[in-house]
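A short worksheet on the structure shown next.
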Amino acid sequence: MNKEQLQSTARALVAPGKGILAADESFGTIGKRFKAVGIESTEDTRRRYRQMLFTTPGIGEFLSGVILFDETIRQKADDGRPLPKVLEDQGVIPGIKVDKSTTALPLSPQEKFTQGLDGLRERLEEYRGMGARFTKWRAVITIGQGIPTERCISANAHGLALFAAFSQEAGLVPIVEPEVLIDGDHTIERCYEVTEWTLNRTFDYIYEAGVELSGMLLKPNMVISGKDCPEQAGVEEVARMTVECLKRSVPAAVPGIVFLSGGQSDLQATAHLNAMNRLYDDLPWELSFSYARALQGRPMEIWKGDDANVEAAQKAFYHRAKMNSAARSGSYSEEMEKEAA
Ligand code: 13P
């Protein structure tokens, strides 16, 4: 394992003022998102959509990295450059999602287990050859009646840790993503409890697997009220409970925490990240973003599959990335949103 190289990539991914775009939606997920705004999902619409995002002028000011999907890392822009090269030309580091999605957890069908360890070493080698410098694996924890179970949390934590070890062996920085879902009517306290449990188990297995903490990043959910909970916690409460939970579960040697947006609105995701960075200035890790929906929602709606809308969609994407960049230092304000209008 080349520790220095892993550390330098991990640090670059959480450089001040920068965060990550997750553009690694699987065929099913991008199909669903496209359908909601009236775009047909074909290999070419997916390619043109991602090309639109990646060629946004100046986006490298706010983005350190982009997470790609297997199809996308193999695609080319209209000018013939492979899409990972388009990112490099913008000063953005290409990464790749390497899990193979979820299946029902055996003997606990309401819960999910993430697959993808078979053949992982060979796939990592291929992706590295295509320009990837970091990887992502997502595990999903559901809150509900009688769940999650220890069985679900530890099975997924074990998978995350092995993925991280394989990635570091290949010289790729792992982004470890245990997502406690926002779905349900649970309180923010229940989210805190399950998130703390999940993160502690994840780091137990990470330690056991020999993963180098300084050469990885964590991508957790924020600690937040369930989507259908009648009582919704405010911005400051989310910020404080999230940071307190992380302090109790994430080792200080981890260089950065890059949140997922997980179904929050784009404005909420920015406000929460901003509040954390405004309220705390003595944390051992960088607090940044690795959003999919909270960065792509507006630009996708504007683009609609029509190249005549590229410029307007890129403008919306640039603005959202800029707002989250400001949230990295706690200097975002609602007034800044008006710039987009
Ligand atoms: P969201 O920001 O839409 O939750 O997506 C992040 C992600 O990468 C999920 O795996």
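The values are calculated or read from the model by the stated rules, or taken from the named source; none is laboratory data. Just so it is clear, the model here is predicted, and its values are computed rather than measured. Glycine also receives a Cβ, built like all others from the backbone with ideal geometry; neighbour counts cover every protein chain displayed.
The set of residues from segment 71-118 being closer than 21 Å to Gly28 by Cβ, over 22 Å from the mean Cα position of the chain (by Cα) and assigned to a loop (DSSP other than H, G, I, E, B) comprises just one member, Asp118.
Output the residue which, of all residues in segment 316-326 that are of a type outside the set (Gly, Ala, Ser) and in contact (Cβ under 8 Å) with a residue 40 or more places away in the chain, is nearest to Thr242 (Cα to Cα). The selected residue is Asn324. Looking only at residues of segment 145-163 that are over 20 Å from the mean Cα position of the chain (by Cα) and β-branched (Val, Ile, Thr), we find that the one that is nearest to the ligand (Cβ to nearest atom) is Ile147.
Just a yes or no: is a residue in segment 190-199 modelled with pLDDT of 95 or more, on the phi < 0 side of the Ramachandran plot, within 18 Å of the chain's Cα centre (by Cα) and hydrophobic (A, V, I, L, M, F, W, C)? Yes; the residues of segment 190-199 include at least one that is modelled with pLDDT of 95 or more, on the phi < 0 side of the Ramachandran plot, within 18 Å of the chain's Cα centre (by Cα) and hydrophobic (A, V, I, L, M, F, W, C).
Okay, residues lined up against (1) assigned to a loop (DSSP other than H, G, I, E, B); (2) of a type in the set (Phe, Trp, Tyr); (3) within 14 Å of the ligand (Cβ to nearest atom):
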site	(1), (2), (3)
Val223	yes, no, no
Glu237	no, no, no
Val243	no, no, no
His272	no, no, yes
Pro299	no, no, yes
Asn309	no, no, no
Ala316	no, no, no
Lys322	no, no, no
Ala326	no, no, no
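Being within 19 Å of the chain's Cα centre (by Cα) and charged (D, E, K, R) is the filter here, so list the residues in segment 126-142 that pass it. Correct list: Arg133, Lys136, Arg138. If you filter segment 17-41 down to residues that are in a loop (DSSP other than H, G, I, E, B) and more than 17 Å from the chain's Cα centre (by Cα), you find that the one that is surrounded by the most Cβ atoms within 10 Å (Cβ to Cβ) is Ile39.
Considering segment 164-183, the residues that are more than 11 Å from the ligand (Cβ to nearest atom) and in a loop (DSSP other than H, G, I, E, B) include one that is farthest from Glu126 (Cα to Cα), namely Asp183.
When segment 198-221 is filtered for residues that are assigned to a loop (DSSP other than H, G, I, E, B) and of a type in the set (D, E, K, R), the ones remaining, listed by number, are Glu212, Lys219.
The condition of being closer than 22 Å to Ala23 by Cα and aliphatic (A, V, I, L, M) holds for only one of Ala104, Ala161, Ala165, Ala139, that being Ala139.
Here segment 191-220 is the region considered, the condition is being crowded, with 21+ Cβ neighbours inside 10 Å and of a type in the set (D, E, K, R), and the residue that is farthest from the ligand (Cβ to nearest atom) is Arg201. With the condition kept exactly as written, say whether any residue in segment 302-315 is under 13 Å from Asp266 (Cα atoms) and in contact (Cβ under 8 Å) with a residue 60 or more places away in the chain. No, that holds for no residue.
The rows are residues; the columns are (1) without any contact (Cβ under 8 Å) to a residue 40 or more places away in the chain; (2) farther than 28 Å from Asn324 by Cα; (3) surrounded by fewer than 16 Cβ atoms within 10 Å (Cβ to Cβ); (4) in contact with a Phe, Trp or Tyr (Cβ under 8 Å, 6 or more places away or on another chain).
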position	(1), (2), (3), (4)
Glu43	yes, yes, yes, no
Gly80	yes, yes, yes, no
Leu83	yes, no, no, yes
Ile96	no, no, no, yes
Asp99	no, no, no, yes
Gly116	no, yes, no, yes
Gly119	yes, yes, yes, no
Arg138	no, no, no, no
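In the condition set (1) farther than 18 Å from Glu301 by Cα; (2) part of a helix (DSSP H, G or I); (3) in contact with a Gly (Cβ under 9 Å, 6 or more places away or on another chain); (4) within 15 Å of the ligand (Cβ to nearest atom), Ala10 is compliant with all but (4). For segment 281-296, a tally of residues being within 16 Å of the ligand (Cβ to nearest atom) and either more than 16 Å from the chain's Cα centre (by Cα) or under 18 Å from Trp137 (Cα atoms) (or both) returns 6. The single condition among (1) within 16 Å of the ligand (Cβ to nearest atom); (2) farther than 30 Å from Asp89 by Cβ; (3) in contact with a Ser or Thr (Cβ under 6 Å, 6 or more places away or on another chain); (4) among the β-branched types (Val, Ile, Thr) that Ile188 does not meet is (1).
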